[in-house]
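J.: Got a structure here, written out as structure tokens. Questions coming.
The values are calculated or read from the model by the stated rules, or taken from the named source; none is laboratory data. Because the structure is a prediction, the values reported are computed rather than measured. Counting neighbours? That spans all protein chains shown, and the Cβs are built from the backbone with ideal geometry, glycine included. Side chains included, ligands, DNA and RNA excluded: accessible areas come from the protein's heavy atoms. Shrake-Rupley method; radii C 1.70, N 1.55, O 1.52, S 1.80 Å.
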Amino acid sequence: GSLAFGSKPATAGPAQASPPADAPWSQSIGAGVVDRPYGRPADTEASVIRRNVPWLTASAESSVSFSPLQDLHGIITPNGLFFERHHAGRPDIDPAQHKLMIHGLVERPLLLTMKDILRFPQITRIHFIECPANGGMNWRAAQMNSLQFSHGMVSCAEWTGVRLSTLLEEVGVKKEAKWAMVEGADGAHMNRSLPLDKCLDDCLVVYAQNGEALRPEQGYPLRLVVPGWEGNVNIKWLRRIKLGDKPWHSREETSKYTDLMPDGTSRGFTWLIDAKSVITFPCPEKPLDGPGLYEIRGLAWTGSGKIRRVDVSMDGGVNWQTARLHEPVLSKALTKFTLPWRWDGRPALVASRVIDETGYVQPTIAELRKQRGSNSIYHNNSIQTWQVKSDGSVFNVQLA
Amino acid sequence: GSLAFGSKPATAGPAQASPPADAPWSQSIGAGVVDRPYGRPADTEASVIRRNVPWLTASAESSVSFSPLQDLHGIITPNGLFFERHHAGRPDIDPAQHKLMIHGLVERPLLLTMKDILRFPQITRIHFIECPANGGMNWRAAQMNSLQFSHGMVSCAEWTGVRLSTLLEEVGVKKEAKWAMVEGADGAHMNRSLPLDKCLDDCLVVYAQNGEALRPEQGYPLRLVVPGWEGNVNIKWLRRIKLGDKPWHSREETSKYTDLMPDGTSRGFTWLIDAKSVITFPCPEKPLDGPGLYEIRGLAWTGSGKIRRVDVSMDGGVNWQTARLHEPVLSKALTKFTLPWRWDGRPALVASRVIDETGYVQPTIAELRKQRGSNSIYHNNSIQTWQVKSDGSVFNVQLA
Amino acid sequence: AEPGSFGYGRVASPAQIAGWDIDVRGEDGAGLPPGKGTVDRGADVYAEQCAACHGTFGEGEGRFPKLVGGVGSLRDERPEPTVGSYWPFAPTLWDYINRAMPMSAPHTLSADDVYALTAYILSLNDLVPNEFVADRNSLPKVKMRNRDNFIWTDPRPDTMAKPCMNNCVNAADVRLSSTAEGRDLTPRTTGPLDTMQSK
Amino acid sequence: AEPGSFGYGRVASPAQIAGWDIDVRGEDGAGLPPGKGTVDRGADVYAEQCAACHGTFGEGEGRFPKLVGGVGSLRDERPEPTVGSYWPFAPTLWDYINRAMPMSAPHTLSADDVYALTAYILSLNDLVPNEFVADRNSLPKVKMRNRDNFIWTDPRPDTMAKPCMNNCVNAADVRLSSTAEGRDLTPRTTGPLDTMQSK
Ligand SMILES: [Ca+2]
Ligand SMILES: [Ca+2]
Ligand SMILES: [Ca+2]
Ligand SMILES: [Ca+2]
Ligand SMILES: [Ca+2]
Ligand SMILES: [Ca+2]
Ligand SMILES: [Co+2]
Ligand SMILES: [Co+2]
């Protein structure tokens, strides 16, 4: 058969070759190699983009955009869709001019060019980064009817660079040093304090993301990756590391990124991303198409190491079944889980609950509120419940 | 200090704050979030692109482009830089019209839409794909003075889709079936024969690559991944799978993708990618910058499973040292290795040799030629030697 | 290994370090440079460079942050954390203005102007008198209202859920406490970027 | 699981299958459709649709593939594999022309024209007489020159290198057999795409 799905080419094949099997693109020649020396997605995928909530922030330069988790698969976030969080917009840095200074309580302060940094022993790791405000809009009540906008401030990539501990060995840490101040070259000169122990444990100073150079939005040419800790400390456009004996209490760790409790006290230095999971199918953007057999799909992550188990409930938490974890299950990386589900067409409340390798169990929003009220903005790692209606539509809800 | 590296902003800080520390991008505000809803690399990375050898093929539509391995890090190839090999150009397919037919020696022939395919149980795997002609230009002699052009027809991605075995269970394989014919929807209607055992073992029918939908160049909306087997059988734009009792001997497995031996016989159905490795730094594109301590970096891969060991020689194979393998070491995926090297500034011949989990050892080009002569085009998995001259420049050479 | 084993890069000179070393510690003001600024001078600079976004008296324009107010609100249903109600350390204010403001030309103010702006914003919040002169000595001594209400060690895990598998709650008790349905807060997730502004 | 357990998609009807099922097996011609074509008719279609790329007599234009020649060359230093010298099965020629040619409008020829082109190319290669009529019966019987020279089972691994670690070869014997230096075959790898055409 050689008739086209669409328009019939002038030289179409014999009429008897029915029904049509060839589409127009099968009966013509396409663009050659290097038509796009650097590729891009199909035009028909134009809806799969980072999106923002325009009413949320005063300006796009101090704002956030969300990854379209509803259209992603696997554990790698492609660089074009990695969520963004800027405090003074995206600087477009000339890597030939960019330098990293390491100083303070060190033996041998250094000024490193990108060329210098590329020579140090390399390390490659797959890690998620999550903004601790991910899901923040749902602290008070279910607000965003969308997976992208309720959970899209988490992404995961393969990072390559040098261990921060290697750089710190090279400068020589003085024994009074207990903290590091890390600072970006953006207009915000974004800076945070980190305990030296974490710096020496698993922090990475990276220049590559999923194989290629970091994207400008992700800190090109250099960023810090602090595995498992809140996004804000993963300083982008990294230009300076200073060792000291005490924390700095910068604006980003006092006015912001502190968690206000119902009694009026606030928690500071809450860096850890606690275990969290979410069902990515079904979700508000991806409803069900009539009763039948489906595969529940989701992602789990924890700043404490590896995922041990994920359970899924279809009845709002009355009963749970353990889902299948997909390999590779990597430390401080997104982990994929699935569970088959034969949907009978009746209303359902689907939710997932992760347990990480420390035994920590993802809490309900009610449990979290009992401890923290609903004004702490950050670190909402509660179980996400999706309401499935009998027409297959899906809504973001919370349970009493 | 607040003077700019470049031009001094009108409101620049006090003169005493010298020497300059702030670049212009640190004293201004950058583009906001969703400035690029789908991102792209920094403008300063414009040289990091897929490239072709214009004199190699009659037209770019039946041709190849090479990944810039010299600028990549880690084991994931970003989608924009994954190598291309087309036989009739890149079809731009409407996924709403694309269908997969599975028929032949089956109980229940099926016609599946993309929506149907997305419902099947998902699987995600990281695998390399290599064109068996990668390095083909070096069979006779060292020809391409470049890592990109000598080894750039290999890339590695995280693929998501459905196991081919799941689809074959769903259609019901008749017991006479021994082979599958897999066919693309491109103008070439590219088709190859695969033994049923491989289909049932680890083949994947995938729609996503590194998280997002496949790129058009990589088979959007659907491709076959045949882990560890030569690129050509990983049919892109997959539209049909037919089961039969014998192979098809299509043009792509007779006229092409057969290996001509010195005695005039040819080997057909040589699917396996044998273990191969290459040093990615230094390489012709990335020379050394004077004597000193360097890190040799490279990639190894094998169609037979996991990498067991990689050895590196600096003296043309007289002596070897075992390199460090970087986690994760995944089956039929690129594996990264490194080894520190203090270069004394004297001429050197650096080379890597991989051993895979079957015990197979990567051969020299001389060993390969002894068996296969130099007209077999495909499957040149020989050890790559780079000559380092005392000025640090690097050349592609072969040893007698 | 010994410091300098790799030997890459250049040792940073004291002059280079002085040019880069902009950070100021909140608790003790370590890093504050010489210089000073009055509330009055702050008011002038503020009117010129800051008021457009933060409001003439720090009340905020549009959705730009308020720099005053919210005192006593931290236990309310809608708390208002500001410099006056929330910030624990005055030197942090100097540091942040110096590194990040004004938003479109960050880190372009002189040390004196940053001192003056700090003095002005503190005075707007009634944290210092009108005669206050901000400098490296005076700033660390300013007593901030919320100074003692931060816990700097993370008390998590603060939930102890047990992973019950069956009949974990009474099915009849399962009910929605809220739904995002019909709230009209969510931008679209197909087609071009949404520009929705209001709720 | 049983066939149809998931139940997704639609069972393909015989008519649908007939419309998609274009493959032809090389060895026995299974899948060849009804129809036929002569060498003469083939010459006409070829002149119109193929000669621009493959040359009037199959000799190839520019770098487009030759369709004739190379007979007896397979053991030479520069072998020329073509339909005449290399291809093992004639039905594969029908299949390939049908699915992939002419390059700019693939799979648009009638079955009769594909038969005719197949006959013509075989005759250019002296594999069939001028009176040859190609059809589903005649094509599988054409004896191709290289038919018996393919080994269809992979004899690899065909090298048995031992991973020697020290003094593996005599250092004095290490010498270059070739270098890519100065050969001027390599496109540039920085800046815009290279357009180099000649060597
Ligand atoms: Ca067709
Ligand atoms: Ca500065
Ligand atoms: Ca200072
Ligand atoms: Ca106002
Ligand atoms: Ca047929
Ligand atoms: Ca001619
Ligand atoms: Co926190
Ligand atoms: Co092969």
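J.: Would you call D:Trp94 in a helix (DSSP H, G or I) and among the aromatic types (Phe, Trp, Tyr)?
T.: Working: in a helix (DSSP H, G or I): yes; among the aromatic types (Phe, Trp, Tyr): yes.
In short, yes.
J.: Looking only at the range D:170-187, which residues are over 29 Å from the mean Cα position of the chain (by Cα), in a loop (DSSP other than H, G, I, E, B) and surrounded by 14 or more Cβ atoms within 10 Å (Cβ to Cβ)? Walk me through how you get there before you give the answer.
T.: Residues of the range D:170-187 over 29 Å from the mean Cα position of the chain (by Cα): D:170-184.
Now drop any that are not in a loop (DSSP other than H, G, I, E, B), which leaves D:170, D:174-175, D:180-184.
Residues satisfying the conditions are D:Val174, D:Ala180, D:Glu181, D:Arg183.
J.: Test D:Leu117 against the stated conditions and say whether it is within 15 Å of D:Gly29 (Cβ to Cβ) and open to solvent by less than 60 Å² (accessible area, probe 1.4 Å).
T.: Here the answer is no, as D:Leu117 does not meet what is asked.
J.: Considering only the range A:216-236, state which residues are open to solvent by less than 10 Å² (accessible area, probe 1.4 Å) and touching a Gly at 6+ places or on another chain (Cβ under 7 Å).
T.: A:Glu217, A:Gly228, A:Ile235 - these are the residues of the range A:216-236 that are open to solvent by less than 10 Å² (accessible area, probe 1.4 Å) and touching a Gly at 6+ places or on another chain (Cβ under 7 Å).
J.: Condition check: touching a helix residue (DSSP H, G or I) at 6+ places or on another chain (Cβ under 8 Å) and of a type in the set (Gly, Ala, Ser). Does A:Ala42 satisfy that? Before you say what the answer is, go through the steps one by one.
T.: Working: touching a helix residue (DSSP H, G or I) at 6+ places or on another chain (Cβ under 8 Å): yes; of a type in the set (Gly, Ala, Ser): yes.
Judged against the criteria, A:Ala42 is a match.
J.: How many residues does the range D:74-92 hold that are open to solvent by less than 10 Å² (accessible area, probe 1.4 Å) and out of contact with any Gly (no Cβ under 9 Å at 6 or more places or on another chain)?
T.: The qualifying residues number 0.
J.: For the range D:98-114, which positions are under 15 Å from the mean Cα position of the chain (by Cα) and either open to solvent by 10 Å² or more (accessible area, probe 1.4 Å) or more than 16 Å from B:Ala185 (Cα to Cα) (or both)?
T.: Listed by number, the residues that qualify are D:Asn98, D:Met101, D:Pro102, D:Met103.
J.: Output the residues belonging to the range A:65-74 that are buried (at least 24 other Cβ atoms within 10 Å of the Cβ) and over 10 Å from the mean Cα position of the chain (by Cα).
T.: First, the residues of the range A:65-74 that are buried (at least 24 other Cβ atoms within 10 Å of the Cβ): A:65-69, A:72-74.
Correct list: A:Ser65, A:Pro68, A:Leu72, A:His73, A:Gly74.
J.: Return the pairs, sorted by first residue and then second, in which the second residue is among the β-branched types (Val, Ile, Thr) and open to solvent by 10 Å² or more (accessible area, probe 1.4 Å), the first residue lies in the range B:106-123 and is closer than 15 Å to B:Leu204 by Cα, the beta carbons are less than 9 Å apart, and the residues are 6+ apart or on different chains.
T.: Every condition considered, the pairs that remain are B:Phe120/B:Thr166; B:Pro121/B:Thr166; B:Ile123/B:Thr166.
J.: Name the residues in the range C:144-169 that are modelled with pLDDT of 95 or more, surrounded by 13 or more Cβ atoms within 10 Å (Cβ to Cβ) and within 7 Å of chain A (Cβ to nearest Cβ), would you? Break it down stepwise before answering.
T.: Going residue by residue through the range C:144-169, those that are modelled with pLDDT of 95 or more are C:144-159, C:163-169.
When the remaining residues are screened for being surrounded by 13 or more Cβ atoms within 10 Å (Cβ to Cβ), the result is C:144-147, C:149-152, C:154, C:156-159, C:163-164, C:168-169.
Result: C:Asn149, C:Phe150, C:Ile151, C:Trp152, C:Asp154, C:Arg156, C:Pro157, C:Asp158, C:Thr159, C:Pro163, C:Cys168, C:Val169.
J.: Just to check your reading of the model, which residue among C:Leu122, C:Leu127 is more than 16 Å from ligand 8 (Cβ to nearest atom) and either facing another protein chain (nearest Cβ under 10 Å) or crowded, with 23+ Cβ neighbours inside 10 Å (or both)?
T.: Details: C:Leu127 fails: either facing another protein chain (nearest Cβ under 10 Å) or crowded, with 23+ Cβ neighbours inside 10 Å (or both).
Within the list C:Leu122, C:Leu127, the selection yields C:Leu122.
J.: So D:Ala12 clears everything in (1) more than 16 Å from ligand 1 (Cβ to nearest atom); (2) buried (at least 18 other Cβ atoms within 10 Å of the Cβ) except one condition, right? Which one?
T.: Exception for D:Ala12: condition (1).
J.: Taking strands (runs of 3 or more DSSP E) that do not extend beyond the range B:33-136, which have at least 2 residues that are within 7 Å of another protein chain (Cβ to nearest Cβ) and of a type outside the set (A, V, I, L, M, F, W, C)? So that I can check it myself, show each step before the final result.
T.: Numbers: elements: B:63-65, B:84-86, B:99-104, B:110-113, B:123-130.
In the range B:33-136, the matching strands (runs of 3 or more DSSP E) lie at B:63-65, B:84-86.
J.: If you don't mind, there's one more thing I want to ask. Of the conditions (1) under 23 Å from A:Pro227 (Cβ atoms); (2) surrounded by fewer than 23 Cβ atoms within 10 Å (Cβ to Cβ); (3) within 23 Å of the chain's Cα centre (by Cα), A:Ala141 clears all except one; give me its number.
T.: So the condition that A:Ala141 fails would be (1).
J.: Ok, one more. Scan the range A:167-187 for residues that are within 10 Å of chain C (Cβ to nearest Cβ), out of contact with any strand residue (DSSP E or B) (no Cβ under 8 Å at 6 or more places or on another chain) and open to solvent by 10 Å² or more (accessible area, probe 1.4 Å) and jot them down.
T.: Once the filter is applied, which keeps residues that are within 10 Å of chain C (Cβ to nearest Cβ), out of contact with any strand residue (DSSP E or B) (no Cβ under 8 Å at 6 or more places or on another chain) and open to solvent by 10 Å² or more (accessible area, probe 1.4 Å), the range A:167-187 yields only A:Glu169.
J.: Only one of these conditions is not met by A:Val162: (1) in a helix (DSSP H, G or I); (2) among the β-branched types (Val, Ile, Thr); (3) more than 9 Å from chain C (Cβ to nearest Cβ). Which number is it?
T.: Single failed check for A:Val162: (1).
J.: Which is in contact (Cβ under 8 Å) with a residue 40 or more places away in the chain and over 21 Å from B:Ala366 (Cα atoms), of D:Arg147, D:Arg188?
T.: D:Arg147
Table: residues versus (1) open to solvent by less than 20 Å² (accessible area, probe 1.4 Å); (2) among the basic types (Lys, Arg); (3) under 22 Å from B:Asp71 (Cα atoms).
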{"position": "B:Glu252", "(1), (2), (3)": "yes, no, no"}
{"position": "B:Thr258", "(1), (2), (3)": "yes, no, no"}
{"position": "B:Lys276", "(1), (2), (3)": "yes, yes, yes"}
{"position": "B:Pro282", "(1), (2), (3)": "yes, no, yes"}
{"position": "B:Asp289", "(1), (2), (3)": "no, no, yes"}
{"position": "B:Asp315", "(1), (2), (3)": "no, no, no"}
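J.: Quick one: in the range A:140-156, of everything that is of a type outside the set (S, T, N, Q) and in a helix (DSSP H, G or I), which residue is nearest to the other protein chains (Cβ to nearest Cβ)?
T.: First pass over the range A:140-156, keeping only residues of a type outside the set (S, T, N, Q): A:140-142, A:144, A:147, A:149, A:151-154, A:156.
Keeping just the survivors that are in a helix (DSSP H, G or I) gives A:147, A:149, A:151.
Working: A:Leu147: 8, A:Phe149: 6, A:His151: 12 Å.
Going through the qualifying residues, I end up with A:Phe149.
J.: Within 14 Å of chain B (Cβ to nearest Cβ) and closer than 18 Å to B:His189 by Cα: does that describe D:Leu93? Show your work before the answer.
T.: On the way: within 14 Å of chain B (Cβ to nearest Cβ): yes; closer than 18 Å to B:His189 by Cα: yes.
Judged against the criteria, D:Leu93 is a match.
J.: Given (1) more than 24 Å from the chain's Cα centre (by Cα); (2) open to solvent by less than 10 Å² (accessible area, probe 1.4 Å), where does A:Leu349 come up short, assuming only one miss?
T.: In the conditions (1) more than 24 Å from the chain's Cα centre (by Cα); (2) open to solvent by less than 10 Å² (accessible area, probe 1.4 Å), A:Leu349 misses (2) alone.
J.: Turning to a different aspect of this structure: Within the range A:281-400, which strands (runs of 3 or more DSSP E) (wholly inside it) include 2 or more residues that are within 30 Å of A:Thr265 (Cα to Cα), at pLDDT 95 or above and among the β-branched types (Val, Ile, Thr)?
T.: Values: elements: A:292-301, A:307-313, A:335-343, A:348-356, A:385-388, A:394-399.
Hits in the range A:281-400: A:348-356.
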